[in-house]
Amino acid sequence: MAGVAMPRPYEVELESLGGKVRVEFLSQRYVDLIRSFNAGENGEEQTKFARSKAWDSHKRCLSTVFVVLYENSLVSYFTLSPFIVSLKIRKDMPEKRRELVEDLKARLVELLGMDIEYSSVPTILLGQFGLQREYRGRGIGGEILAKVVKPYAVLHAAQIGGVGLSLHAKKEVAKRFYLNPKKNPLAGGFQVVSKGGTYELFYPFVAEAMGVRKALIEQFGGK
Ligand SMILES: CC(C)(COP(=O)(O)OP(=O)(O)OC[C@H]1O[C@@H](n2cnc3c(N)ncnc32)[C@H](O)[C@@H]1OP(=O)(O)O)[C@@H](O)C(=O)NCCC(=O)NCCS
């Protein structure tokens with residue numbers, strides 16, 4: 001598989017932080033850092049995962065963990081893994097849920113420029129995402145989402161198949177962060193797939209994934 005690279009450690013400037021962060025695939029040298037991660041209040045799930053599960057599940061390919069570092073401190077971590085969004089319309093589906101799925105399907109058909117005969121489509125799941133507590137509340141999360149999580153998800157999608165980013169968030173976090181354009185540059189692109197105490201959100205990135213896929217196809221010979 002010459003030429004097909006995993007996302008490399010890379011650096012990106014975050015205006016909200018006033019400096020460059022480095023993004024790395026979790027490895028032995030960051031185990032102590034991830035085990036001391038603390039997202040603070042309302043981030044207990046992310047703290048628990050980082051401390052007790054991240055390294056074990058990363059080694060076993062149950063998820064893929066990336067760390068975001070600023071100088072020698074851990075700013076954030078996130079996990080990516082394959083996922084699917086169901087496009088199945090069942091007869092017993094509540095009207096509202098059916099409408100959301102129909103909207104999503106229509107949007108995907110338009111973006112893909114072809115009909116979808118599948119009952120589900122592959123996506124990349126942002127399973128865990130959290131900021132260390134001292135970095136929260138400064139707009140850093142939105143910048144990491146747009147400048148780090150999305151490009152990494154696009155790269156994975158182009159390699160294994162995937163047409164967008166999926167995530168589950170508590171209703172309050174979905175409304176105040178993921179769907180809020182003041183907090184997150186991707187907000188306008190998110191589609192709500194299901195509502196409730198937890199929201200399932202989907203951010204299609206068909207054009208970007210197709211762009212990287214085209215480059216891969218060319219690498220393998222032929223345009
Ligand atoms: C959610 C998170 C990634 C956002 O990054 P951030 O840089 O702190 O984002 P911002 O400062 O731009 O704004 C976050 C907004 O979401 C709110 N928010 C963040 N976490 C929240 C939570 N767990 N519950 C409710 N609201 C939350 C903040 O209060 C803020 O809204 P406000 O300004 O109206 O108060 C970060 O706050 C975090 O790590 N939170 C804890 C873990 C978490 O909830 N992760 C998301 C799981 S899907």
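Here is how the numbers come out for the structure above:
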| item | result |
| --- | --- |
| Inter-label distance, nm, simple model (7 Å from Cα along the C-beta direction), ARG133/LYS48 | 1.7 |
| Within the chain, helix-based [θ] at 222 nm, where runs of 4 or more DSSP H residues each add -39,500 (n - 2.57), nearest 500 | -8000 deg cm²/dmol |
| Antiparallel DSSP beta bridges within the range 10-219, percent to nearest 5 | 95 |
| Estimated distance in nm for a label pair at LEU62 and PHE25, the labels positioned 7 Å out from Cα along Cα-to-Cβ | 2.0 |
| Principal semi-axes in Å for the range 153-223 [√(5λ), Cα gyration tensor, largest first] | 30, 12, 7 |
| Exposure proxy order (Cβ contacts within 10 Å, fewest to most) of PHE205, PHE177, PHE25 | PHE25, PHE177, PHE205 |
| Gap separating the Cα centres of the range 52-82 and the range 112-186, nearest whole Å | 15 |
| Projected area averaged over orientations for the chain, convex hull of C-alpha atoms, nm² | 13.5 |
| Length released on extending from TYR118 to HIS168, taking residue separation times 0.36 nm less the Cα-Cα span | 15.8 nm |
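All of the numbers you see were taken from the coordinates with simple rules; none came from a lab. On a predicted model such as this, the values are computed, not experimentally measured, just so you know. FYI the Cβ positions are ideal-geometry reconstructions off the backbone, even for glycines, and counts take in every protein chain you see.
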